[in-house]
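Below is one structure; the comments refer to it alone.
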Number of protein chains: 2
Amino acid sequence: MSEALDDAALKQLFLDARTFNKFQSRPVDDATLHALVDLMKWGPTSMNTQPGRIVFVRSAEAKEKLKGALSGGNVDKTMAAPVTAIVAWDTEFHEQLPTQFPAMPGARDMFHGNEALIAATVMRNSSLQGAYLILAARALGLDAGPMSGFNNAAVDAAFFPEGKWKSNFLVNLGYGDASGNWPRGPRLAFDTMARIA
Amino acid sequence: MSEALDDAALKQLFLDARTFNKFQSRPVDDATLHALVDLMKWGPTSMNTQPGRIVFVRSAEAKEKLKGALSGGNVDKTMAAPVTAIVAWDTEFHEQLPTQFPAMPGARDMFHGNEALIAATVMRNSSLQGAYLILAARALGLDAGPMSGFNNAAVDAAFFPEGKWKSNFLVNLGYGDASGNWPRGPRLAFDTMARIA
């Protein structure tokens, strides 16, 4: 049986964690991005569908492709961030199910032609995987700045012209500089957001 | 600057964590559920919208209300779990924005009547919050068994007849009994799920 993590870990993951708008110049290398994926990939998805896909936008050339799709307030901080992850999904994720969910041989065919089931599955599960990415980054000592203020169609046209992957949201990644943080937002009271039945 | 959490913490959160189908008889008390919400609530959401809502289904009476909505394979394990969290969203989440996102006085009105923006915001962000719930549970030494195999409309009719909250997915919670675990599913290779651009 597991015990609770210590206070320092709970603070790093949740209690003291912040959305960062500014990062140190320290780069994020390939090994760190691989370590990040090797951690977040273990988070659970429905039927092990794993529809989430990630493009780590790091080169100046790739950043420039992203620039025109960003909402005004997100341009400068995103261009300056060491890496921007595009959290996306693969509309053909179910083609992987024969190897990823062999317990149900009919899993792939369950999705074929069922656009409503595909739409719910990709949005729910790639969002879960995006949250795993944010928390895995914090667990590795990185800082994250997630955003949905951008033009999804423009990102898709620039990065996924073949039409198979679709963008969900963005996450700036790096080693944070707290001088760029905004005042921390409040949170809803327990009785507003939860019930015990 | 944060360091990476130690290996034991990374294992508890991700590397060795599993989806549990069976739980010990040890109950989950109110204080633990409050601690869980007080941790997961700090995870980031777009514009601090916090659309996620949670019903902790724990009493025999509430479990019985849930039973008829569950897919066949999820009935027995869910009825036996100490608690089942309904991760839901509030379709009127934006009414909270004047206190939750005071930096943008027009935030609430931006959502009024914009059903497409509301739909994307609630699904993306309540899913993020559901992922924070799963990882916060693990961080507190609890185990989680998330599921989307149930009839959302039936859960909504039973628990949210007023029509304001809508169910997203379910998470069984308790202290796990690993004897009920299935073989662990594989994960996609880095090059299948990610790119560095």
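The values are calculated or read from the model by the stated rules, or taken from the named source; none is laboratory data. Nothing here was measured: the structure is a model prediction, and the numbers come from that model. Methodologically, a virtual Cβ is constructed for each residue, glycine included, from the backbone with ideal geometry; neighbour enumeration extends over all protein chains shown. Accessible surface areas use protein heavy atoms only, side chains included; no ligands, DNA or RNA. Shrake-Rupley method; radii C 1.70, N 1.55, O 1.52, S 1.80 Å.
Note on the stretch B:1-25: among residues that are exposed (fewer than 13 other Cβ atoms within 10 Å of the Cβ) and more than 9 Å from every other protein chain (Cβ to nearest Cβ), the one that is farthest from the chain's Cα centre (by Cα) is B:7.
The helices (runs of 4 or more DSSP H) found entirely in the stretch A:87-146 that carry 1 or more residues being in contact with a strand residue (DSSP E or B) (Cβ under 7 Å, 6 or more places away or on another chain) and touching a residue at least 12 places away in the same chain (Cβ under 8 Å) are A:115-139.
Determine which single condition residue B:151 fails, assuming it passes every other condition in (1) facing chain A (nearest Cβ under 7 Å); (2) surrounded by fewer than 16 Cβ atoms within 10 Å (Cβ to Cβ). Evaluating residue B:151 over (1) facing chain A (nearest Cβ under 7 Å); (2) surrounded by fewer than 16 Cβ atoms within 10 Å (Cβ to Cβ) leaves (1) as the failure.
In the stretch B:170-179, the count of residues that are within 11 Å of chain A (Cβ to nearest Cβ), out of contact with any helix residue (DSSP H, G or I) (no Cβ under 9 Å at 6 or more places or on another chain), among the hydrophobic types (A, V, I, L, M, F, W, C) and open to solvent by less than 20 Å² (accessible area, probe 1.4 Å) is zero. Taking the criterion of being β-branched (Val, Ile, Thr) and at the interface with another protein chain (Cβ under 7 Å from one of its Cβ atoms), the residues of the stretch B:41-64 that qualify are B:54, B:55, B:57. Quick check on the stretch A:119-133. Is at least one of its residues more than 9 Å from chain B (Cβ to nearest Cβ) and either more than 15 Å from the chain's Cα centre (by Cα) or open to solvent by 10 Å² or more (accessible area, probe 1.4 Å) (or both)? Checked against the condition, which is being more than 9 Å from chain B (Cβ to nearest Cβ) and either more than 15 Å from the chain's Cα centre (by Cα) or open to solvent by 10 Å² or more (accessible area, probe 1.4 Å) (or both), the stretch A:119-133 yields at least one hit. Being surrounded by fewer than 18 Cβ atoms within 10 Å (Cβ to Cβ) and either closer than 30 Å to residue B:100 by Cα or of a type outside the set (D, E, K, R) (or both) narrows it down to one residue among A:146, A:161, A:82; which is it? Just one listed residue meets the conditions, A:161. Criterion first (open to solvent by 10 Å² or more (accessible area, probe 1.4 Å), more than 21 Å from residue A:14 (Cβ to Cβ), within 11 Å of chain A (Cβ to nearest Cβ) and touching an Asp or Glu at 6+ places or on another chain (Cβ under 6 Å)) does residue B:182 satisfy it? Taking the combined requirement at face value, the residue does not satisfy it.
When the residues of the stretch B:85-101 are filtered to those that are buried (at least 22 other Cβ atoms within 10 Å of the Cβ) and of a type in the set (Val, Ile, Thr), the one that is nearest to residue B:168 (Cα to Cα) is B:87.
The set of residues in the stretch B:30-54 that are under 21 Å from residue B:159 (Cα atoms) and not β-branched (Val, Ile, Thr) comprises B:30, B:33, B:34, B:50, B:51, B:52, B:53.
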